[in-house]
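I have placed the structure first, in the form of structure tokens, so that the comments after it can refer back to it.
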Amino acid sequence: MTRPLPFDSAALRPRLPSPLEEVVDDRFARHGVRLLLKRDDLIHPELIGNKWRKLVPNLAAAGGRPVVTFGGAYSNHLRATAAAGRLLGLPTVGVVRGDELAGRPLNPSLARCAADGMRLHFVDRATYRRKADPAALAAVLSAAGAEDAYVVPEGGSNAPAVRGCRALGEELRAHADVVALACGTGGTLAGLAAGLGPGRRALGIPVLKGGFLDDAIRALQREAFGGPVGDWRLDERFHFGGYARTTPALEDFARDFEERHGLPVERLYVAKSLYGLVVLAEEGVFPRGTRLAAVVTGAPFTS
């Protein structure tokens with residue numbers, strides 16, 4: 001049973017269920033596919049998209065303790081955790097990959113974390129890769145002065161987060177046949193697939209290279225639900241070189257989508273998933289009559 005949140009929930013009042021908007025796009029319509037946008041970017045102005053769905057269950061589990069979490073220099077998850085800490089008065093610590101960044105001016109993303117009160121602790125990349133090892137984690141927490149903190153993993157993906165993301169599938173099961181989204185650590189897809197129910201399918205577009213995400217999602221579902229749940233698959237072709245990487249072709253696509261539909265398109269996740277869906281529609285992957293929902297998991301970072 002989830003414990004009650006140790007704060008006034010009005011401080012984080014979400015817009016749920018998030019809006020579902022149908023858009024007319026000839027690249028889908030000519031194949032008989034209806035395109036729906038699940039606007040999780042409108043859930044909360046600072047805890048955007050899947051960050052709300054994954055963070056709130058972990059904040060409940062933290063029980064008012066300081067929260068420590070992990071991410072790279074441009075991590076949306078770090079920014080959302082820092083914002084939650086400011087809104088709720090919770091101390092937050094961000095363990096950042098790359099000790100070479102410690103002596104440099106903060107980029108806009110990390111500067112926003114610091115402005116929201118997050119204490120940043122930089123670690124070398126070898127140490128960061130071992131963060132799941134209990135001894136290595138204990139050493140990092142000790143060095144960061146966060147031994148008693150509640151630990152949220154990189155990307156926020158753990159069993160509480162996955163169970164929180166099940167609601168996304170439940171919100172869409174009556175409206176979509178296929179639900180697609182970009183994936184980083186896989187937690188949102190793991191929960192989404194569990195919530196969709198029979199006859200519905202989840203499609204993940206990984207934004208990182210490596211082919212590791214299939215096993216990660218299966219592990220998350222075992223941890224959250226005791227075993228595999230739902231119908232899901234991944235298409236690994238649309239990472240555009242890896243996390244935080246874009247190309248001129250992706251930039252052109254994102255600008256065109258913005259002009260067509262008046263939607264600001266976040267580049268590192270959302271643009272890659274939408275691009276992938278256009279390609280898949282052209283390949284005939286979706287049968288005529290398919291209701292295809294694309295989850296808008298975040299918004300462009302503007303400050």
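The values are calculated or read from the model by the stated rules, or taken from the named source; none is laboratory data. Here the structure is a predicted model, which means the values were calculated and not measured. Positions of Cβ are backbone-derived with ideal geometry, glycine not excepted, and every protein chain shown enters the neighbour counts. With ligands, DNA and RNA removed, areas are computed over all heavy atoms of the protein, side chains included. Shrake-Rupley method; radii C 1.70, N 1.55, O 1.52, S 1.80 Å.
Does Arg255 satisfy being in contact (Cβ under 8 Å) with a residue 40 or more places away in the chain and loosely packed, with under 15 Cβ neighbours inside 10 Å?
Spelling it out, it is not the case that Arg255 is in contact (Cβ under 8 Å) with a residue 40 or more places away in the chain and loosely packed, with under 15 Cβ neighbours inside 10 Å.
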I need every pair where a residue in segment 206-219 that is among the small types (Gly, Ala, Ser) has its Cβ under 8 Å from the Cβ of a residue that is open to solvent by 50 Å² or more (accessible area, probe 1.4 Å), sequence separation at least 6 or different chains. Gly211/Glu236
If you take the residues in segment 67-83 that are in a helix (DSSP H, G or I) and open to solvent by 10 Å² or more (accessible area, probe 1.4 Å), which one is modelled with the lowest pLDDT? Asn76
Within segment 185-223, residues hydroxyl-bearing (Ser, Thr, Tyr) and within 15 Å of Lys38 (Cα to Cα) come out as Thr188
Among the residues of segment 6-21, is any at pLDDT 95 or above, open to solvent by 30 Å² or more (accessible area, probe 1.4 Å) and either within 19 Å of Pro153 (Cβ to Cβ) or in contact with a Ser or Thr (Cβ under 8 Å, 6 or more places away or on another chain) (or both)? no
Test set (1) open to solvent by less than 20 Å² (accessible area, probe 1.4 Å); (2) of a type outside the set (Lys, Arg); (3) in a helix (DSSP H, G or I) - Ala61 fails condition number: (1)
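Filtering segment 174-197 down to residues that are touching a residue at least 24 places away in the same chain (Cβ under 8 Å) and surrounded by fewer than 17 Cβ atoms within 10 Å (Cβ to Cβ), which residue is farthest from Leu280 (Cα to Cα)?
Result: Gly197.
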Residue check for Arg86: among the basic types (Lys, Arg), over 19 Å from the mean Cα position of the chain (by Cα), in a helix (DSSP H, G or I) and more than 14 Å from Val152 (Cα to Cα): yes
Filtered residues of segment 137-162 (kept if out of contact with any strand residue (DSSP E or B) (no Cβ under 6 Å at 6 or more places or on another chain) and assigned to a loop (DSSP other than H, G, I, E, B)): Gly145, Glu147, Asp148, Pro153, Ser157, Asn158
Does segment 172-189 contain at least one residue that is small (Gly, Ala, Ser) and over 22 Å from the mean Cα position of the chain (by Cα)? yes
Scan segment 209-230 residue by residue and report those that are open to solvent by 80 Å² or more (accessible area, probe 1.4 Å) and of a type outside the set (Phe, Trp, Tyr). Lys209, Asp215, Arg218, Arg222, Glu223, Pro228
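Yes/no per residue for (1) in a loop (DSSP other than H, G, I, E, B); (2) modelled with pLDDT of 90 or more; (3) open to solvent by 20 Å² or more (accessible area, probe 1.4 Å):
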| residue | (1), (2), (3) |
| --- | --- |
| His44 | yes, yes, no |
| Ile48 | yes, no, yes |
| Val56 | no, yes, yes |
| Arg65 | yes, yes, yes |
For segment 137-160, what are the residues that are surrounded by 18 or more Cβ atoms within 10 Å (Cβ to Cβ) and polar (S, T, N, Q)? Ser157, Asn158
Among the residues of segment 96-136, how many are aliphatic (A, V, I, L, M), surrounded by 12 or more Cβ atoms within 10 Å (Cβ to Cβ) and out of contact with any strand residue (DSSP E or B) (no Cβ under 7 Å at 6 or more places or on another chain)? 4
